[in-house]
Amino acid sequence: MLAIKIWNYFKGYVIIRVEGLTLERLLNLSAAHDIYLWDVKRLSGIVLEMKSSTKGFRSLKQVVKKVGCKVTIKEKIGLPFLIHKLKERKMWFAGFLLFWAMILFLTSLIWRIDILGNEQTPKEEIIALLDSNNISYGKIKYQIDKEQIKDILNENYDYLSFVSVTIKGTKLTIEIKEQDLPPEKVDKDYPCHIVAKKKGVITKVIPKNGKAVVERGKVVTEGDILITGILTNEGTDEFIAVHAEGEVYALTRYSSIIREPIVKNEERYTGNSIIQKGIKIGNKGIRFIRGNVDFKDYKEFESEKSIINLESFGIKFPIKITTYEFREIELEEVKQDIDFLKNSNYLEAMKMINEEMPSDVLVQSKNTRHQVDNGILTTQVIIEAIEDIAKKQIIQNKED
């Protein structure tokens, strides 16, 4: 059906109105002369409205004369009529094309670069690094390789634990997460404090330079000063700033909570699906036909295919054909084995804790608790460990 509509649009057709007392004879003669008419509507006892191809309309005029009816064109639709109008307005058409060409070109460039999560690395430094690798403002976004940006940042900043690169519209967004700088990364010429990198209960303080300001049994939180780099000069009462060094061990806690329903719905594909087509220019798209999805439960899948493949030239063509597929699913309630679920929750909780907990900590205790409430099994794993919580913080001024 869609293919027929597209074909008629490219060929061109007219919406006509026929008035007369012999409308049935008109339709019969049209069929006999192989004149294709569609979407026939009776507006009154003597008036019909219908659609016809341009070729069919020329043939229909002979039939109209025979039966004594009157025919008028209500509307002309299709590519041939559009082209005819544009030929009469060449300057307007040229301006229209130029306008959209400029819009398409300008929206294909990167006009803004956002850096998020950079607490230790200046934004200007990252921008300069990208610029030296030919990634800058005004760059065609379809030529930007996101994986290349990740590789560049990871190679130059080995303390990054996470790098995400997204392009939305004309904006390039880079989100990073930084690990704490190890002591050897802090220049010894800079005065600094030793501060806590996490909450804990102090068990041992070993100051090597600077002055300890905490003792065993004290509860500290992230950012608290443990060994100060600000010392009092004996005899003058003046303050001097030094490069503090040392180790501070504390009892820390790691906790993870996993919740899982005892009865859960499992999905199963039925094999039924609905497919719709669309077109996408950049990040904007439309669907040719947006019908209702009659499935009660379904999942939607989207795939894109470029109209013109220019990847061999290093160009990503922005216009793509999009396929939307809706696959019907059935939900079936399944009751899970409690013992299996407890073990599964425990393993998932331990996995999350191990991702957060350093490998060199000394585990002191491990506690696991399970609780069932309203059909939900909640598992909590708590680990207490001894670890060095010291990190260096550069002193920017005397008030620090």
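The values are calculated or read from the model by the stated rules, or taken from the named source; none is laboratory data. All figures in this text were calculated on a predicted structure; none of them were measured in a lab. Cβ atoms come from the backbone with ideal geometry, glycine included; neighbour counts cover every protein chain shown.
Among the residues making up the range 351-400, those that are surrounded by fewer than 16 Cβ atoms within 10 Å (Cβ to Cβ), among the small types (Gly, Ala, Ser) and closer than 23 Å to ILE202 by Cβ are SER359, SER365.
Does GLU348 satisfy being outside the structural domain of LEU231 (by TED's automatic domain parsing), surrounded by 14 or more Cβ atoms within 10 Å (Cβ to Cβ), more than 36 Å from the chain's Cα centre (by Cα) and outside any loop (DSSP other than H, G, I, E, B)?
Taking the combined requirement at face value, the residue does not satisfy it.
A single member of LYS51, LYS61 is of a type in the set (Lys, Arg), loosely packed, with under 14 Cβ neighbours inside 10 Å and at negative phi, and it is LYS61. Cβ separations smaller than 7 Å between residues 6+ apart or across chains give the following pairs from the range 158-179 residues that are farther than 19 Å from PRO122 by Cβ and assigned by TED's automatic domain parsing to the domain that holds ILE144 to residues that are among the hydroxyl-bearing types (Ser, Thr, Tyr) and part of a strand (DSSP E or B): THR166/THR173.
For residues that are of a type in the set (D, E, K, R) and touching an Asp or Glu at 6+ places or on another chain (Cβ under 9 Å), tally how many sit in the range 105-122.
Going through the range 105-122 one residue at a time, the tally reaches 2.
Within the range 81-114, restricting attention to residues that are surrounded by 14 or more Cβ atoms within 10 Å (Cβ to Cβ), among the aromatic types (Phe, Trp, Tyr) and more than 25 Å from ILE174 (Cα to Cα), the residue that is modelled with the highest pLDDT is PHE81. From the list SER312, SER303, the one residue that fits, being modelled with pLDDT of 80 or more, surrounded by fewer than 16 Cβ atoms within 10 Å (Cβ to Cβ), out of contact with any Lys or Arg (no Cβ under 9 Å at 6 or more places or on another chain) and more than 30 Å from LEU347 (Cβ to Cβ), is SER303. Yes or no: LYS70 in contact (Cβ under 8 Å) with a residue 40 or more places away in the chain, of a type in the set (D, E, K, R) and either touching a strand residue (DSSP E or B) at 6+ places or on another chain (Cβ under 6 Å) or in the same structural domain as ILE319 (by TED's automatic domain parsing) (or both)? So LYS70 fits the description; yes.
Any residue at all in the range 62-69 that is charged (D, E, K, R) and either within 25 Å of TRP7 (Cβ to Cβ) or at pLDDT 85 or above (or both)? Before the answer, list the steps.
Taking the range 62-69 and keeping what is charged (D, E, K, R), we get 65-66.
From the residues that got through so far, the ones that are either within 25 Å of TRP7 (Cβ to Cβ) or at pLDDT 85 or above (or both) too are none.
Looking for residues that are charged (D, E, K, R) and either within 25 Å of TRP7 (Cβ to Cβ) or at pLDDT 85 or above (or both), one finds none in the range 62-69, hence no.
Scanning the range 204-243 for residues that are in contact with a Phe, Trp or Tyr (Cβ under 6 Å, 6 or more places away or on another chain) and surrounded by 15 or more Cβ atoms within 10 Å (Cβ to Cβ) yields one hit, ILE230.
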